[in-house]
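Read through the structure below, which is laid out as structure tokens, and then see the notes.
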Amino acid sequence: MLILHNTTSAFENPIRKESSGTALVLDVRLWPGSNLLEIDLHLPSVNMLDWIDIMQVTFCIDKACFWDSIPFGWDAETATCSILIDTAQDSFGAKWATQLRHLDKVAYTKICSYSGKLHPSNLIVGIADGSNLGFLLALQQVVKPAYRFEAFALIKESDTAKLFNEYFNISATTVTSQRELISLVLSQQYCANHTSFYLSEEMHPDNNICKSLEATNYGNIHVLPFGR
């Protein structure tokens, strides 16, 4: 099983010519009945044609405070992308995000791509909890062809789960408990030799989903410390 333990090792390929810059906030939307905040950004100096892997943007939210986020829905023609933030989390990033407004300018210090490569032919199964839904959306965007991708999201809030399925064209199955998640994933009886699992950091190696996958002889499991 491949485990990537920290952000530095997981995202070690900086796009050097885009190492720093300023993004413009186009829109800020709090999902109704949910803690998720969706922010649309314009990065005028970034060539998103280079974004062929999962990306990570490091934002400067204070003089000595930085926050990593996984963008999704990027469009090279308009140089735009979006990020999702769980405002219920007690973090500097969540507090910073809730203060953003239309046309604010935000500085970023680095843009990196995921240092590992997605398996070129395996079925890609993404698993995340409600605080890392942007990871699933980014993963779906880079997996080609689309039929190679499946996703499971552990979302305890019913409103968030409903909006996630309504807002985005993603083939994700949502569940409300870890027990349900484990049961549903294992019931798919994926081929161990031709399936790769990509899990967000909350699904760490000590988590029951990892233990259950290993116990079922799945070996191609990647747990990545994605920003939020």
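Just a few scattered comments:
- Annotation note: trypsin sites (Lys or Arg not before Pro) in the stretch 63-150 located in DSSP loop regions with a Cβ neighbour count of at most 13 within 10 Å are 63, 101, 117.
- If you look at the Cα atoms of the stretch 124-228, you get an Rg and a Dmax of 12.7, 36 Å.
- Prolate/oblate/rounded label for the stretch 108-150 (Cα gyration tensor, a/c 1.5): oblate
- The stretch 68-111: equivalent-ellipsoid semi-axes (sqrt of 5 x gyration tensor eigenvalues, Cα, Å): 20, 12, 11
- Cα-centre dipole for the stretch 109-228 with unit charges at Cβ (Lys and Arg positive, Asp and Glu negative), debye to 20: 360
- Label-to-label distance, nm, for residues given as residue 159 and residue 25 (7 Å Cα→Cβ offset): 2.1
- Ellipsoid semi-axes for the chain, based on the Cα gyration tensor and the rule √(5λ), read 28, 20, 16 Å when sorted largest first.
- Share of alpha-carbon pairs per 10 Å distance bin for the stretch 27-100, given as whole %: 18, 50, 29, 4
- Cβ-Cβ distance of residue 211 and residue 64, R₀ of 41 Å, FRET efficiency by 1/(1 + (r/R0)^6): the value works out to about 0.60.
- Lys, Arg +1 and Asp, Glu -1 on Cβ, resulting dipole of the chain about Cα centre, debye, nearest 20: 260
- Surface share of carbon and sulfur [accessible, 1.4 angstrom probe, percent] for the chain: 49
- Mean separation of Cα contacts under 8 Å, 6 or more apart, over the residue count of the stretch 67-195: relative contact order %: 22
- Remark: spin-label model distance residue 95-residue 47 equals 3.9 nm, labels positioned 7 Å along the Cα→Cβ axis.
- Extension gain from residue 171 to residue 193, taking 0.36 nm per residue of separation minus the Cα-Cα distance: 5.7 nm
- Projected area averaged over orientations for the stretch 40-159, convex hull of C-alpha atoms, nm²: 8.6
- Accessible solvent surface per residue of the chain, calculated while the other protein chains remain in place, 1.4 angstrom probe, Å²: 47
The values are calculated or read from the model by the stated rules, or taken from the named source; none is laboratory data. Everything quoted here is computed from the prediction, not taken from an experiment. No Cβ is skipped: glycine too gets one built from the backbone with ideal geometry, and neighbour counts run over all protein chains shown. For accessibility, only protein heavy atoms count, side chains too; no ligands or nucleic acids. Shrake-Rupley method; radii C 1.70, N 1.55, O 1.52, S 1.80 Å.
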